[in-house]
Amino acid sequence: MKRILLLGKNGQVGVALQKVLPSYAALISQDRTTCDLTEPDQIRSTIRAAKPDLIINAAAYTAVDQAETDTITCTKVNAIAPAVIAEEARLLGALLIHYSTDYVFDGSKTGCYSEEDLPNPVNVYGRSKFEGDQAILAAGGIHIILRVAWVYSATGRNFAKTILRLAAERDDLKVVNDQWGSPTSADQIATVTAGIVSQYIASRQPASATVAPRSGIYNLAPSGVTSWYGFASELIAQANQQGMKLRVSSDRIAPIESRDYPTPARRPANSVLSTEKLQRSFDIAPPDWRDGVKTLVAEIAVRPS
């Protein structure tokens, strides 16, 4: 039976992956207490002890605004750690699946970003993730880098949960309406990842034969595009439909511009990712972004208050 080493098990994507991966392989899950990504020696010893066939790195430093001042930790986790992981994966001949971000782009392009577009990150977080991507490519091992954007889930801190909480506490909301992307649920990311893993497992061939020809960077996003304001509006509409108790009604959400909501880290205005390459290479069709929102709200609605 194949062995998968999952790093970052307590993050949004890590939690979602633990729901689906055990169906395909023996899963060894680690968090920051058992494998600290700021400690290269600990990373190496963890991987060498597990001897995995696949490594999935779902761990990352994602506090985008905090990264502007906590540059050292951000770089250790997002840039240096992936380099170490990729080197160890290459030595084992293991497949490495790693998650990148839309923040490697500056957001100035008109239209969807493809994998061939040149990165130009505009904040510390984006630069650290881009450096991690480059390190994985340079290591020369078998890898799938999945670039994702606007990730949310029922666990952890994220925009979706914040909006639902504020909508229950306040009478009105103001939300940015000039940044565009495709809200992506952690469950959707886990489903796509599991699809890639299943193709590898089902082949009964080593990764060098089945995955190596497809090594590279892939954009992962649902279909459809919206703004943060549109995302918030859909969340509240779904919450109302599913009987959640909110104070904010749909007509009490005001669209604002980014300049009216300044943040320490600059955000790209366009985070829309083309998924044509992913669909073509792995025969994976993305769902509509609203499907994930509906599922999230349903999950939160049934939780005890």
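None of the figures in this text is laboratory data; all of them are computed from the coordinates on show. Since this is a predicted model, take the numbers as computed values, not measurements. With ideal geometry, Cβ positions are generated from the backbone for all residues, glycine too; neighbour counts draw on all protein chains shown.
Helix 81-92: angle to the longest alpha-carbon principal axis of the chain, degrees 0 to 90, nearest 10?
40
Against the longest principal axis of the chain, how steep is helix 289-301, in degrees 0 to 90 to the nearest 10, with axes from Cα atoms?
Long axis of 289-301 versus the principal axis of the chain: about 80 degrees.
Modelling each spin label as a point 7 Å along the Cα-to-Cβ direction, I'd like the Gln242/Leu91 distance in nm, to one decimal.
Inter-label distance under the simple model: 4.5 nm.
Name the residue farthest towards the positive end of the dipole of segment 180-305 from the options Tyr200, Gly181, Ser281, assuming +1 on Cβ of Lys and Arg, -1 on Cβ of Asp and Glu, about the Cα centre.
Tyr200
Under a 10 Å cutoff between Cα atoms, tell me which one of Ile55, Ile142, Ile28 has the largest fluctuation in the Gaussian network model of the chain.
The residue with the greatest mean-square fluctuation here is Ile28.
With angles folded into 0 to 90 degrees, how steeply does helix 124-139 sit against the dominant principal axis of the chain? Use alpha carbons for both and round to 10.
Helix 124-139 sits at roughly 20 degrees to that axis.
On each of the three principal axes of the Cα atoms of the chain, give max minus min coordinate, whole Å, ordered largest first.
Per principal axis, max minus min of the Cα coordinates gives 56, 38, 37 Å.
If each residue's Cβ is checked for other Cβ atoms within 10 Å, how do Thr34, Thr101 rank with the fewest at the top? Before the final figure, lay out each step's value.
On the way: Thr34 12, Thr101 27.
Final ranking by Cβ density, sparse to dense: Thr34, Thr101.
What is the fewest-to-most order of Ser153, Ser227, Ser249 by other Cβ atoms lying within 10 Å of their Cβ?
On the way: Ser153 24, Ser227 17, Ser249 12.
Listing Ser153, Ser227, Ser249 from fewest to most nearby Cβ atoms yields Ser249, Ser227, Ser153.
Step through the residues of segment 146-160 one at a time and calculate ³J(HN,Hα) from phi using the Karplus curve (6.51 cos²θ - 1.76 cosθ + 1.60, θ = phi - 60°), rounding each to whole Hz and writing x for Gly and Pro.
9, 8, 10, 8, 6, 7, 8, 6, 7, 10, x, 9, 6, 4, 4
Please tell me which of these pairs span more than 21 angstrom C-alpha to C-alpha: Lys9/Lys277; Lys129/Lys161; Lys9/Lys76; Lys109/Lys129; Lys2/Lys76; Lys161/Lys245?
Details: Lys9/Lys277 27 Å; Lys129/Lys161 24 Å; Lys9/Lys76 18 Å; Lys109/Lys129 19 Å; Lys2/Lys76 29 Å; Lys161/Lys245 14 Å.
Lys9/Lys277; Lys129/Lys161; Lys2/Lys76, as the Cα separations exceed 21 Å there.
Once you put a point 7 Å from the Cα of Thr162 and another 7 Å from the Cα of Arg214, both along the Cβ direction, what distance in nm separates them?
Calculated label separation equals 3.5 nm.
Using each residue's phi in segment 266-271, evaluate 6.51 cos²θ - 1.76 cosθ + 1.60 at θ = phi - 60° and report the 3J(HN,Hα) Karplus result to the nearest Hz, with x for Gly and Pro.
Each residue's phi maps through the Karplus curve to give 6, 10, x, 6, 10, 10 Hz.
Just to check I understand the Karplus step: with θ = phi - 60° and J = 6.51 cos²θ - 1.76 cosθ + 1.60, what whole-Hz values come out for segment 164-173, glycine and proline as x?
Result, ordered by residue: 5, 5, 5, 5, 8, 9, 10, 8, 8, 9 Hz.
Give the long-range amide H neighbours of Ile217: residues separated by 5 or more places, or on another chain, with amide H under 5 Å away, using H modelled in the peptide plane at 1.01 Å from N.
HN-HN under 5 Å from Ile217: Ile145.
Would you pull out the residues with amide H under 5 Å of Ser223's amide H, same chain only if 5 or more places away, H placed 1.01 Å from N?
Asp288, Trp289
What residues have an amide H closer than 5 Å to that of Lys174, excluding those fewer than 5 places away on the same chain, when H is modeled at 1.01 Å from N in the peptide plane?
Close amide H contacts, sequence-distant or interchain: Ala254.
Would you work out the relative contact order for segment 1-133, in percent, from Cα pairs under 8 angstrom that are 6 or more residues apart? Walk me through the numbers on the way to the answer.
Details: 205 pairs, mean separation 34.0, N = 133.
With pairs under 8 Å counted, the relative contact order is 26 percent.
Considering Cα pairs under 8 angstrom that are at least six residues apart, work out the relative contact order of the chain and quote it in whole percent. Kindly include the intermediate steps, with their values, before the conclusion.
Working: 600 pairs, mean separation 64.3, N = 305.
After rounding, I find 21 percent.
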